[in-house]
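None of the figures in this text is laboratory data; all of them are computed from the coordinates on show. This is a predicted model, so every value here is computed, not measured. We place every Cβ from the backbone using ideal geometry, glycine too, and count neighbours over all the protein chains shown.
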Amino acid sequence: MDPGFHFCKGLYNRYINEPREALKEFNFARKDSKWGAQAIMHMVEIYLNPDNDAVWAEKESTDYEESLEAIDTARSLLRQVRPQDMHSQRYKVLECYAIMAGKEQEEVEEALSRLLDLANSDPNNVPVLLAMATGFMLLKQTPKARNQLKRVQKIPYKPEEAEEFERAWLLLTDIHIQGGKFDLAQDLCQKCLKYNKSCAKAWEYMGAVMEREQSYKDAAEHYEKAWKHESQQSAQVGYKLAFNYLKAKRFVEAIEVCHQVRPLSFLSMDTKRVQKKFFSSVMYYYLVPDNP
């Protein structure tokens, strides 16, 4: 079968949140002269962040061990890219993400130094600014990360960098939510949805804002959309949806989502922790139905 076809199937599976299947398809295209470099870079992105979570979040010990294996695989794949493809901006930025992935301070600082060189030659480079913001978040320097992301906000939107713009807006959304600036967070979510109606993370963040405001009915409606656009493959979103169904006293729907979340399995071990929390909440509300 043509490597280009496998690449397209890999891209499709990645966007419907089937990372395992995506890796299989990209692997078939990995050694092709035309599609190989792009396939490898998608594989690297999946290994570095299979669940599209915040990369600076703390991991449990079992998660951390698996993450190290995935990082080693990602770095090994990058070395397989042909020398002529190593000069692309995407490769250089992705290489910095791979360096930062171990979350060691020296490595993150090394990656930031490389990114700063790239930014000096192109100050309005959105992928570079996003990577720098990620590095600052790993170093727990949130104000510096926010400054980079605010620079992205001022740059005119470019369709060819749609994913980077979206990720930058979502990262800034996360920062605003943590800071209690819900109006700013919602504005950014709406901006994401303007260009991508199926942006699951934007719907999820809007649900999180409603949940924090204790508007559980509205939160559930937003989590429903996130769950739909994640192809019902995200244990995190499934848990949040079911929990808000419970708070909104929609018990039957909560149990239905419970059955959908139970068999989910991803590249990381984070699912087990989510499931434990999920089912304990379900049982509590099921056994104590009058709980407010």
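With R₀ set to 45 Å, the beta-carbon distance separating Lys144 from Asp32 gives a calculated FRET efficiency near 0.65. Taking a ≥ b ≥ c as the square roots of the eigenvalues of the Cα gyration tensor, region 114-195 is oblate, since a/c reaches 1.5 or more and a/b is not larger than b/c. Taking the C-alpha atoms only, the angle from helix 270-287 to the longest principal axis of the chain is near 10 degrees.
Which shape class applies to region 18-148: rounded if a/c is under 1.5, otherwise prolate when a/b exceeds b/c and oblate if not, where a ≥ b ≥ c are the square roots of the Cα gyration tensor eigenvalues? Cα axes put region 18-148 in the oblate bin. Of Lys225, Lys201, Lys103, the residue with the greatest mean-square motion in the GNM of the chain, using alpha carbon springs below 10 Å, is Lys103.
Normalised by the number of residues in the chain, the average gap of Cα pairs under 8 Å and 6 or more apart makes the relative contact order 12 percent. Largest GNM mean-square fluctuation among Gly102, Gly180, Gly36, using the chain with Cα springs under 10 Å: Gly180.
3J(HN,Hα) along region 154-166: 8, 8, x, 5, 10, x, 5, 10, 4, 5, 5, 4, 4 Hz, from the Karplus curve 6.51 cos²θ - 1.76 cosθ + 1.60 with θ = phi - 60°, whole Hz, x for Gly and Pro. For region 221-233, backbone phi angles converted through the Karplus equation (6.51, -1.76, 1.60; θ = phi - 60°) give residue-by-residue couplings of 5, 6, 5, 4, 5, 4, 4, 4, 7, 8, 6, 6, 10 Hz, Gly and Pro being listed as x.
Backbone geometry of region 86-101 corresponds, through the Karplus equation with coefficients 6.51, -1.76 and 1.60 at θ = phi - 60°, to 3J(HN,Hα) couplings of 7, 8, 6, 4, 4, 4, 4, 5, 5, 4, 5, 4, 5, 5, 6, 4 Hz, x marking Gly and Pro.
Within a straight-line Cα-Cα reach of under 18 Å, Lys31 can be paired with the following lysines, leaving aside sequence neighbours fewer than 8 residues apart in one chain: Lys9. Give Lys144/Lys201; Lys217/Lys249; Lys92/Lys201; Lys194/Lys240 a once-over and call out the pairs whose C-alpha atoms are over 18 Å from each other. The answer is Lys144/Lys201; Lys92/Lys201; Lys194/Lys240.
Amide H contacts of Ala248: none lie under 5 Å away among residues 5 or more positions distant or on a separate chain (H built 1.01 Å from N in the peptide plane; Pro and chain starts excluded).
Would you calculate a helix-derived [θ] at 222 nm for the chain, using -39,500 (n - 2.57) for each DSSP H run of n ≥ 4 and dividing by the full residue count, to the nearest 500?
The per-residue figure over the chain is -23000 deg cm²/dmol.
What angle, in degrees between 0 and 90 and rounded to the nearest 10, separates the Cα long axis of helix 142-153 from the longest principal axis of the Cα atoms of the chain? Roughly 80 degrees between the two axes.
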